[in-house]
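Only one structure is covered here, and it is reproduced in the block below.
The values are calculated or read from the model by the stated rules, or taken from the named source; none is laboratory data. On a predicted model such as this, the values are computed, not experimentally measured, just so you know. Using ideal geometry, Cβ is built from the backbone for each residue, glycine included, and neighbour counts are taken over all protein chains shown.
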Amino acid sequence: MKIRVLGAAAGGGFPQWNCNCRNCQSVRAGLPGFERRTQSSIAVSADGARWTLINASPDILQQFQAFAGTWPTGGLRGCGIESVVLVDAQIDHTTGLYMLREKGSPWPIWCTDPVYEDLTRGNPILHLLEHYCGVNRRPLPAGGQPFHPEGSERLDWQALPLLSAAPPYSPHRGNPVPGDNVGLTIHDPATGRRVFYAPGLAEVDEAVFAAMSAADCVMVDGTFWTDDEMISMGLSKKRARDIGHLAQSGPGGMIEQLARLPRHIRRVLIHINNTNPILDDQSAERATLTAAGIQVAYDGMEIDL
């Protein structure tokens, strides 16, 4: 199984277009240790030729241009991506679908029922696509049943409902339901290896920890370093957990949760907000992660399992 990180940043990317925090200033200035990142998305393949896209970020065109696996081959039009799997209905995970409207046939799009509701009511992007390429919506089972998206049929996929938050435009924003946000376990029967992917994760409950413990690699929420990061910087009145993210530091934070895993499991943080000090390669916070055996995802990162 091959995994390509198309984008590693949270919503807004890095640098964020309207942000003048130290991190964003530094990456614009080209200072060493600060690497640009586009908004969160990965691609998965069983053979390196046919790919499944997980989340379609607003930066999808830039990401496709940077990754030869998505380029057309053998014809006038085409794409190495054969289907799309959505873990939620958030803007930074779905807006890229607008950019994929030129496809010559309907896109197979796998999503849960709550996500489908959000994307046909609160933000009716799937209805809009019907006026262009069309959509073949595939119900994504959130009860652990295996499914097999086009482009990676040889892999066994399972979805696990997560405790997180629905988008602000969702009918159930204040009353979350199972399937608003899912984590994905992807298993390669040929190698026996697994990855667990959850870019938005508010809590590591028993089911999530079991899925993480059974994986060979976990790619999980790296949005904020502290729970009050945005509050302390004067950028928001909400804590990380209020918007569906588990901070890395502090009691019960992601660092502590990852430390509980068996030592052989590869640990990768993804979906990193522009304010997070771990985006500075030379920061004390990055050193803490390195000492804990935790990696920080970057655009173009490749993982073979």
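For region 35-129, the strands (runs of 3 or more DSSP E) that sit wholly inside it and include 1 or more residues that are more than 30 Å from Gly174 (Cβ to Cβ), of a type in the set (Val, Ile, Thr) and at pLDDT 95 or above are 41-45, 51-54, 81-85.
Within the option set Asn181, Asn175, being touching a residue at least 24 places away in the same chain (Cβ under 8 Å) and either surrounded by fewer than 19 Cβ atoms within 10 Å (Cβ to Cβ) or within 22 Å of Arg138 (Cβ to Cβ) (or both) holds for one residue only, Asn181. When Ala215, Ala190, Ala211 are checked against the criterion of being farther than 26 Å from Leu97 by Cα, in a helix (DSSP H, G or I) and either hydroxyl-bearing (Ser, Thr, Tyr) or over 15 Å from the mean Cα position of the chain (by Cα) (or both), Ala211 stands alone in meeting it. Only a single item in (1) outside any strand (DSSP E or B); (2) among the hydrophobic types (A, V, I, L, M, F, W, C); (3) surrounded by 17 or more Cβ atoms within 10 Å (Cβ to Cβ) is not met by Phe196, and it is number (1). Exactly one residue among Gly12, Gly7 is touching a helix residue (DSSP H, G or I) at 6+ places or on another chain (Cβ under 8 Å), among the small types (Gly, Ala, Ser), under 30 Å from Lys103 (Cβ atoms) and surrounded by fewer than 19 Cβ atoms within 10 Å (Cβ to Cβ), and that residue is Gly12. For region 24-33, the criterion of being of a type in the set (S, T, N, Q), surrounded by 15 or more Cβ atoms within 10 Å (Cβ to Cβ) and closer than 25 Å to Val115 by Cβ is met by no residue. If you check Ala247, Ala240, Ala215 for being buried (at least 16 other Cβ atoms within 10 Å of the Cβ), of a type outside the set (D, E, K, R), touching a residue at least 40 places away in the same chain (Cβ under 8 Å) and out of contact with any Pro (no Cβ under 7 Å at 6 or more places or on another chain), only one passes: Ala215.
Cβ-Cβ contacts under 8 Å between residues 6 or more apart (or on different chains), taken from a first residue in region 8-37 that is closer than 26 Å to Ala198 by Cβ to a second residue that is charged (D, E, K, R) and in a helix (DSSP H, G or I), are listed as Ala10/Asp92; Gly11/Asp92; Gly12/Asp92; Pro15/Arg28.
For Leu279, the test of being in contact with a helix residue (DSSP H, G or I) (Cβ under 7 Å, 6 or more places away or on another chain) and closer than 23 Å to Thr185 by Cβ is failed.
What do you reckon, is Tyr116 aromatic (Phe, Trp, Tyr) and over 18 Å from the mean Cα position of the chain (by Cα)? No, not satisfied.
Residue pairs whose Cβ atoms lie under 9 Å apart, separated by 6 or more positions or on different chains, with the first residue in region 54-71 and touching a residue at least 60 places away in the same chain (Cβ under 8 Å) and more than 21 Å from Ala89 (Cβ to Cβ) and the second assigned to a loop (DSSP other than H, G, I, E, B) and of a type in the set (Asp, Glu), are Ala66/Asp299. Is at least one residue of region 274-281 acidic (Asp, Glu) and in contact (Cβ under 8 Å) with a residue 40 or more places away in the chain? Yes, region 274-281 has at least one match. Scanning region 139-170 for residues that are in a loop (DSSP other than H, G, I, E, B), among the aliphatic types (A, V, I, L, M) and at pLDDT 90 or above yields Leu140, Leu155, Leu162.
Checking each residue in region 272-294 for being in contact with a Pro (Cβ under 9 Å, 6 or more places away or on another chain) and either modelled with pLDDT under 95 or within 15 Å of Thr226 (Cβ to Cβ) (or both) picks out Asn274, Ser283, Ala284, Glu285, Arg286. Looking only at residues of region 253-275 that are in a helix (DSSP H, G or I) and among the aliphatic types (A, V, I, L, M), we find that the one that is surrounded by the fewest Cβ atoms within 10 Å (Cβ to Cβ) is Ala259. Among the residues of region 229-249, the ones that are touching a helix residue (DSSP H, G or I) at 6+ places or on another chain (Cβ under 8 Å) and assigned to a loop (DSSP other than H, G, I, E, B) come to 8 in all.
When region 274-305 is filtered for residues that are of a type in the set (D, E, K, R) and in contact with a Lys or Arg (Cβ under 8 Å, 6 or more places away or on another chain), the ones remaining, listed by number, are Asp280, Asp299, Glu302, Asp304.
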